[in-house]
Amino acid sequence: MKNKIISIGHKNPDTDSALSAFLVSRFGKRIFGFEIEPVVAGEINNETKYILEKLKIKKPRILKAIINEVVVLVDTTEPSQIIDGLTEDNLMAIIDHHNLGGLKSSKPIFTRIEAIGCTASVIYKILKEKNIKIDKASAELMITCIISDTINFNSPTSTIDDKKIFSELNKIAKLDMKKFVSEIFAAKSSLKGISVDDIISKDYKEFDMGRYKVGIGVWETTNPGTVNVQKDKIIQSLIEKKGQAKMDYMFFAVVDIVKNNSDLYVIENKEEKLAEKVFSGNIRESLMSLKGVVSRKKQLVPPLMNKLGE
């Protein structure tokens, strides 16, 4: 194949997106028969930086747009979340764990999408089916994705398969999981080098819901107070982002990964009215407390989609 082949996830890459691209690259020759370069569609977060530094892995380069690269797309099929320039002509494969978001192809492509906790778990299944040996570092990367995306199996996105995969992987990685989870969550919660704009944008996705465009950002942390203390600045930044991105609605959730609750920011009357119709939570000073809500994919997007799609 003449054109360069890359593996890449969604814009504003989270840990599963960035590391899954790396894992596809690491095993690309065995899975697809080609050398593949891992890249990201935005700056990686502190959690991803932590594990890459721990394993002495070079950070992937940031790609702003597809020019003539051939793409293995991971962790998304939502057009609004995909790097600019991607077309069906340069799409070679999809590996994901979300809904089928509207991509189409006039030619056969490798596609693997499963309702499972993270994309890395899907990659694990592919490797096992092909009898590809998983090394210790790769096992640790996959475990990081599972723990991060399922919030240590506390998210409703977590499945029995994820737990089985984790168990098999830790036979290879041999991690002290209590210590490891603590380190990963500390890195996830770290505000080192993080601006208010970063807080709302690091894990931000846009969705088409009926005739409405909705932006939803998430910040997962062990200490919500370190984020909420900046509430006024965050609200102002969300209002500005809503206008710049031309969103009909803009939401932001601070997820407490210890207590498994969320504070949903309702920035204007429009968001407040919608949130009151969709979620059963009390609003106080622009924050709606959502008990037991930790997943954007399973607990925020579907009820909003159902209401706005009416």
Quick count over segment 5-44, residues being of a type outside the set (A, V, I, L, M) and part of a strand (DSSP E or B), is 4
Residues in segment 77-110 that are within 29 Å of Leu300 (Cα to Cα) and among the charged types (D, E, K, R) total 4
Of the conditions (1) under 24 Å from Ile132 (Cα atoms); (2) among the β-branched types (Val, Ile, Thr); (3) in a loop (DSSP other than H, G, I, E, B), the single one that Ile67 does not satisfy is (1)
For Ile147, the lone unmet condition from (1) of a type outside the set (Lys, Arg); (2) part of a loop (DSSP other than H, G, I, E, B); (3) closer than 17 Å to Asp75 by Cβ is (2)
Of (1) touching an Asp or Glu at 6+ places or on another chain (Cβ under 9 Å); (2) within 16 Å of Lys205 (Cα to Cα); (3) among the acidic types (Asp, Glu), Glu37 fails just (2)
If you go through Leu264, Leu304, the only one that is assigned by TED's automatic domain parsing to the domain that holds Thr222, part of a strand (DSSP E or B) and in contact with a helix residue (DSSP H, G or I) (Cβ under 7 Å, 6 or more places away or on another chain) is Leu264
When Arg284 is run through (1) closer than 25 Å to Glu78 by Cβ; (2) of a type in the set (Lys, Arg); (3) modelled with pLDDT under 95, the failure sits at (1)
Pairs returned, first residue in segment 23-45 that is aromatic (Phe, Trp, Tyr), second residue that is buried (at least 20 other Cβ atoms within 10 Å of the Cβ), beta-carbon separation under 7 angstrom, 6 or more apart or interchain, are Phe32/Ala93; Phe34/Ile5; Phe34/Gly28
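Filter segment 231-286 for residues that are of a type in the set (Ser, Thr, Tyr) and touching a residue at least 24 places away in the same chain (Cβ under 8 Å) and give the result. Break it down into steps so the answer makes sense when it comes.
Of segment 231-286, the ones of a type in the set (Ser, Thr, Tyr) are 237, 249, 262, 265, 280, 286.
Residues satisfying the conditions are Ser237, Tyr249, Ser262, Tyr265, Ser286.
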Lys259 passes all but one of the listed conditions (1) within 22 Å of Ile147 (Cβ to Cβ); (2) buried (at least 18 other Cβ atoms within 10 Å of the Cβ); the exception is number (2)
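Just to verify a result, which residue in segment 70-97, among those that are part of a loop (DSSP other than H, G, I, E, B) and over 18 Å from the mean Cα position of the chain (by Cα), is surrounded by the fewest Cβ atoms within 10 Å (Cβ to Cβ)?
In the first step, residues of segment 70-97 are kept if they are part of a loop (DSSP other than H, G, I, E, B); the result is 75-78, 82-83, 85-87, 97.
Next, from what is left, pick out any that are over 18 Å from the mean Cα position of the chain (by Cα): 85-87.
Working: Gly85: 14, Leu86: 18, Thr87: 10.
For segment 70-97, the residue satisfying everything is Thr87.
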Item to check | Selection status of Asp162, touching a residue at least 24 places away in the same chain (Cβ under 8 Å), of a type in the set (Asp, Glu) and touching a Phe, Trp or Tyr at 6+ places or on another chain (Cβ under 8 Å) | outcome: yes
When (1) surrounded by 13 or more Cβ atoms within 10 Å (Cβ to Cβ); (2) part of a loop (DSSP other than H, G, I, E, B) are applied to Gly102, the one that fails is (1)
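The values are calculated or read from the model by the stated rules, or taken from the named source; none is laboratory data. Fair warning: this is a prediction, and the values are worked out from it, not measured in the lab. Cβ: placed from backbone, ideal geometry, glycine included. Neighbour counts: every protein chain shown.
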